[in-house]
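Chemist: Could you have a look at this structure, given as structure tokens, before my questions?
The values are calculated or read from the model by the stated rules, or taken from the named source; none is laboratory data. Please read these numbers as outputs of a predicted model, since none were measured by experiment. Please note: Cβ atoms are built from the backbone with ideal geometry, for glycine as well, and neighbour counts cover all protein chains shown.
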Amino acid sequence: MDPKGDTSYTDQKGRTRWQRNDEIAKKLQQLHEILVIGGYEESHATRYSRLAYTISRHPESVAELHREGRLSTISGVGDTIAEIIGEFIETGTCTKLEEFAEHTPKTVLELTALPGVGIKTAKALYDELGIDSLAALGEALDEDRLEGFKLMGKKTQERIRQHISENLE
């Protein structure tokens, strides 16, 4: 553990990894998903997903780089991205995420954690059917409102129904 409280570990390939980097990467992935679901241009939002991958594998503590003012040494990190990462480190969220969450509830991210539901399916569920959470999806399944929904076949619906019953009840 470093003196600033970030814990390192060694992954299966023998690389040094950092727990805070993993946490920040997860937040960047969530930002990517909420932006896409909220209607942000996908080609622009993809940078956050790519950056999440880079940060999760970065050999140095990103929190330490932030403290030292060296986030820009990471490929793909400019001033704006450094500011977003800094907000995540200091507050656990960022302004951009909160602005989009005003119009797209964060609970919609529960959908992308389901087996067989990617970001495009979650966006379609939200846009077309108003489904914004795992609970809302469960209700829609119970009411057969997904009948004919092109992005989710019967087998996927059954897997999700089973997942919901095992994890919500």
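Chemist: Being among the charged types (D, E, K, R) and in contact (Cβ under 8 Å) with a residue 12 or more places away in the chain is the filter here, so list the residues in region 128-149 that pass it. Spell out how you get there, then give the answer.
Modeler: So in region 128-149, the residues among the charged types (D, E, K, R) come out as 128, 132, 139, 142-145, 147.
Passing the criteria: Glu128, Asp132, Arg145.
Chemist: Listed residues Arg57, Arg70; which is without any contact (Cβ under 8 Å) to a residue 40 or more places away in the chain and not polar (S, T, N, Q)?
Modeler: Details: Arg57 fails: without any contact (Cβ under 8 Å) to a residue 40 or more places away in the chain.
Checking each option against the conditions leaves just Arg70.
Chemist: Does Leu151 satisfy being within 15 Å of Glu110 (Cα to Cα) and either in contact with a Pro (Cβ under 8 Å, 6 or more places away or on another chain) or surrounded by 15 or more Cβ atoms within 10 Å (Cβ to Cβ) (or both)?
Modeler: Working: within 15 Å of Glu110 (Cα to Cα): no; either in contact with a Pro (Cβ under 8 Å, 6 or more places away or on another chain) or surrounded by 15 or more Cβ atoms within 10 Å (Cβ to Cβ) (or both): yes.
No, not satisfied.
Chemist: How many residues does region 17-52 hold that are surrounded by fewer than 14 Cβ atoms within 10 Å (Cβ to Cβ) and polar (S, T, N, Q)?
Modeler: 2
Chemist: Is it true that some residue in region 60-70 is part of a helix (DSSP H, G or I), under 13 Å from the mean Cα position of the chain (by Cα), basic (Lys, Arg) and surrounded by fewer than 18 Cβ atoms within 10 Å (Cβ to Cβ)? Reasoning before the result, please.
Modeler: Residues of region 60-70 that are part of a helix (DSSP H, G or I), as a first pass: 62-67.
Next, from what is left, pick out any that are under 13 Å from the mean Cα position of the chain (by Cα): none.
For region 60-70, residues part of a helix (DSSP H, G or I), under 13 Å from the mean Cα position of the chain (by Cα), basic (Lys, Arg) and surrounded by fewer than 18 Cβ atoms within 10 Å (Cβ to Cβ): absent.
Chemist: Here is a list of conditions, (1) in contact with a Cys (Cβ under 7 Å, 6 or more places away or on another chain); (2) within 26 Å of Asp11 (Cβ to Cβ), and Glu87 meets all of them except one; can you say which number that is?
Modeler: (2)
Chemist: Also, quick follow-up: Does Leu109 fit the bill of being in contact (Cβ under 8 Å) with a residue 40 or more places away in the chain, under 30 Å from Gln162 (Cα atoms) and either crowded, with 21+ Cβ neighbours inside 10 Å or out of contact with any Cys (no Cβ under 8 Å at 6 or more places or on another chain) (or both)? Spell out the reasoning first.
Modeler: Numbers: in contact (Cβ under 8 Å) with a residue 40 or more places away in the chain: yes; under 30 Å from Gln162 (Cα atoms): yes; either crowded, with 21+ Cβ neighbours inside 10 Å or out of contact with any Cys (no Cβ under 8 Å at 6 or more places or on another chain) (or both): yes.
So Leu109 passes the test.
Chemist: Going through region 28-48 one residue at a time, which ones are within 20 Å of Thr107 (Cβ to Cβ) and either assigned to a helix (DSSP H, G or I) or not assigned by TED's automatic domain parsing to the domain that holds Thr91 (or both)? Can you show your working first?
Modeler: First, pick out the residues of region 28-48 that are within 20 Å of Thr107 (Cβ to Cβ): 28-40, 45, 48.
Within region 28-48, Leu28, Gln29, Gln30, Leu31, His32, Glu33, Ile34, Leu35, Val36, Ile37, Ala45, Tyr48 qualify.
Chemist: Among the helices (runs of 4 or more DSSP H) confined wholly to region 74-169, which include 2 or more residues that are of a type in the set (Lys, Arg) and not assigned by TED's automatic domain parsing to the domain that holds Pro59?
Modeler: On the way: elements: 79-91, 95-101, 109-112, 119-129, 134-142, 154-168.
So the answer is 119-129, 154-168.
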